[in-house]
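Below: the structure, in structure tokens.
The values are calculated or read from the model by the stated rules, or taken from the named source; none is laboratory data. Fair warning: this is a prediction, and the values are worked out from it, not measured in the lab. Every residue, glycine among them, receives a Cβ derived from its backbone with ideal geometry; neighbour counts consider all protein chains shown. SASA here: full protein model, heavy atoms, side chains in, ligands and nucleic acids out. Shrake-Rupley method; radii C 1.70, N 1.55, O 1.52, S 1.80 Å.
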Amino acid sequence: PGDAFLAARGFRDVLTLTYARLDLADLDLDHVRRVAEQPRPGYHLTAWAGVVPADLAETYAASRRAMDDMPMGDTDYGTVVWDVERLVAAAETIEKRGDSLHTVAAVDLSNGTIVGFSELVLPAGGEGDGQHYGTAVLPEHRGHGLALRMKAEAVLHAHSLYPGIALLTDTAEDNAPMRRVNDRLGYRPTHRAVEYQLGL
């Protein structure tokens, strides 16, 4: 009925999302550790909780353009411009509601700049599910397995704190590389959702 209602009113089917879940109690810990430990020549990983450290803030804000070409079907959200002020406000909002933001970032050893990131929000006190936010790598640094390694590190961090919770993620159906990352780490699809858009 929802499909028919929207189609009759001019809405277009623009995006299909696949939702997936990883129960940490069933995690293949050795496998995820092996993934996280794979060497990535030319890069190293760093991580922080909450607001990005001041010495990384500018380069982290610059790395956010990695999300600009993320496969999102025909959805038009416009372009989101991230600066340090917006990053800090987002992290503080998560903290104020009682949750915790954990970010893993990939750093280019040749110049010390952040070239990718993976964000994970964990529930207050480990009550509830964790939720992956953005995971992305700048176009010029893709193909080195950085997204897989960053997400693996985030999973290991969550497991070290709350081994009984589950982590949730959603990925555009046409984002095959990220769906492969989720599959490698043991995420299992739970359902799909279709987004519609109306051009005004």
Hey, can you tell me all the residues within segment 157-200 that are under 17 Å from the mean Cα position of the chain (by Cα), buried (at least 17 other Cβ atoms within 10 Å of the Cβ) and over 26 Å from Ser100 (Cα atoms)? Asn175
Given the residues Ala136, Ala90, which is the only one that is open to solvent by 20 Å² or more (accessible area, probe 1.4 Å), at pLDDT below 95 and of a type in the set (Gly, Ala, Ser)? Ala90
Residue list for segment 22-46, restricted to those being farther than 15 Å from Tyr187 by Cβ, open to solvent by 50 Å² or more (accessible area, probe 1.4 Å) and either in contact (Cβ under 8 Å) with a residue 24 or more places away in the chain or not in a helix (DSSP H, G or I) (or both): Arg33, Gln38, Pro39, Pro41, His44
At pLDDT below 95 and either among the small types (Gly, Ala, Ser) or surrounded by fewer than 17 Cβ atoms within 10 Å (Cβ to Cβ) (or both): is that true of Ala66 in this structure? yes
In this structure, is Arg142 under 23 Å from Leu45 (Cα atoms) and open to solvent by 70 Å² or more (accessible area, probe 1.4 Å)? yes
